[in-house]
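*Asks:* Sharing a structure, written as structure tokens. Questions coming.
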Amino acid sequence: MDFIELAKKRFSVRGYLDKDVDDSLVMEILEAARWAPSACNNQPWSFIVIRSAEFKLRLQAVYNRTWFLSAPVIIAVCCDRSQSWKRADGKDYGDVDIAIAMDHLTLAAAEKGLGTCWIGSFKYRETCEALKLPENIDPVALTPLGYSSMKEPVKARKELSQIIHWNYFGGKKEA
Ligand SMILES: Cc1cc2nc3c(=O)[nH]c(=O)nc-3n(C[C@H](O)[C@H](O)[C@H](O)COP(=O)(O)O)c2cc1C
């Protein structure tokens, strides 16, 4: 599968089959995330793989959707704020690093026929507590991981002409 095909194939899966995902597949997907670039190569990420009924129950309080909890695996992607690179003006690039790792993860999963869904609207404090996170470890994204029970949706994206500017914001392509 070439890259554009894979990028189009991935979609947010909000329905999962009652079918386990082998740990070897989970590890292959996390291996793809491990190779993501990060600012100054600081690699400030941690991946928490949640499989146990006890910890899934804890996650019910942070994002209470049946489809989320029904996936065999949930992965929390966290940023170590003591390791993430900060620009001179103070901007913390940790979220960017995590987003790139997440994208590697979701695309690698799609390539293996598995579904994921970025979850950003989880309850923050409850997540830190549920996953026993130390002070410097900041949860940025959660995703279920499993075999999709959904039909591939028709995806909508803006046209290239709406999002590309030439030379300056609003600039048109020279003839
Ligand atoms: C940063 C981020 C946060 C998101 N948070 C949620 C979420 O909390 N719940 C959810 O169901 N989908 C969430 N999504 C999924 C988006 O709704 C989805 O990616 C978007 O609608 C495009 O659809 P597609 O992923 O199927 O291409 C999130 C996506 C991103 C990138």
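The values are calculated or read from the model by the stated rules, or taken from the named source; none is laboratory data. Given the structure is predicted, the values throughout are model-derived calculations rather than measurements. Virtual Cβ from ideal backbone geometry, glycine too; neighbours counted across all protein chains shown.
*Asks:* With the condition kept exactly as written, say whether any residue in segment 17-24 is within 18 Å of Tyr147 (Cβ to Cβ), within 15 Å of the chain's Cα centre (by Cα) and either assigned to a helix (DSSP H, G or I) or within 15 Å of the ligand (Cβ to nearest atom) (or both).
*Replies:* No, segment 17-24 has no match at all.
*Asks:* I'd like the full set of residues that are over 20 Å from Pro134 (Cα atoms) and small (Gly, Ala, Ser), limited to segment 53-73.
*Replies:* The answer is Ala53, Ser70, Ala71.
*Asks:* Starting from segment 114-133, take each residue that is under 25 Å from Leu25 (Cβ atoms) and list its partners that are in a loop (DSSP other than H, G, I, E, B) and more than 14 Å from the ligand (Cβ to nearest atom), counting only C-beta distances under 8 angstrom and pairs at least six apart or across chains.
*Replies:* Close Cβ pairs (under 8 Å, with a partner that is in a loop (DSSP other than H, G, I, E, B) and more than 14 Å from the ligand (Cβ to nearest atom)) amount to Leu114/Val21; Leu114/Tyr147; Gly115/Tyr147; Thr127/Leu133; Ala130/Ala61.
*Asks:* Going by the structure shown, is Trp45 within 14 Å of Ala101 (Cβ to Cβ), at pLDDT 95 or above, loosely packed, with under 14 Cβ neighbours inside 10 Å and not polar (S, T, N, Q)?
*Replies:* Spelling it out, it is not the case that Trp45 is within 14 Å of Ala101 (Cβ to Cβ), at pLDDT 95 or above, loosely packed, with under 14 Cβ neighbours inside 10 Å and not polar (S, T, N, Q).
*Asks:* Of the residues that sit in segment 1-30 and are free of Cβ contacts under 8 Å to residues at least 40 places away in the same chain and among the acidic types (Asp, Glu), which one is surrounded by the most Cβ atoms within 10 Å (Cβ to Cβ)? Spell out the reasoning first.
*Replies:* So the first thing to find is which residues in segment 1-30 are free of Cβ contacts under 8 Å to residues at least 40 places away in the same chain, and the list is 2-5, 22-24, 27.
From what's left, among the acidic types (Asp, Glu): 2, 5, 22-23.
On the way: Asp2: 6, Glu5: 9, Asp22: 9, Asp23: 11.
Top of the filtered list is Asp23.
*Asks:* Quick one: which of Ile98, Ile75 is buried (at least 20 other Cβ atoms within 10 Å of the Cβ), modelled with pLDDT of 95 or more and part of a helix (DSSP H, G or I)? Give the steps one after another, and end with the answer.
*Replies:* Values: Ile75 fails: part of a helix (DSSP H, G or I).
Of the residues listed, the single one that is buried (at least 20 other Cβ atoms within 10 Å of the Cβ), modelled with pLDDT of 95 or more and part of a helix (DSSP H, G or I) is Ile98.
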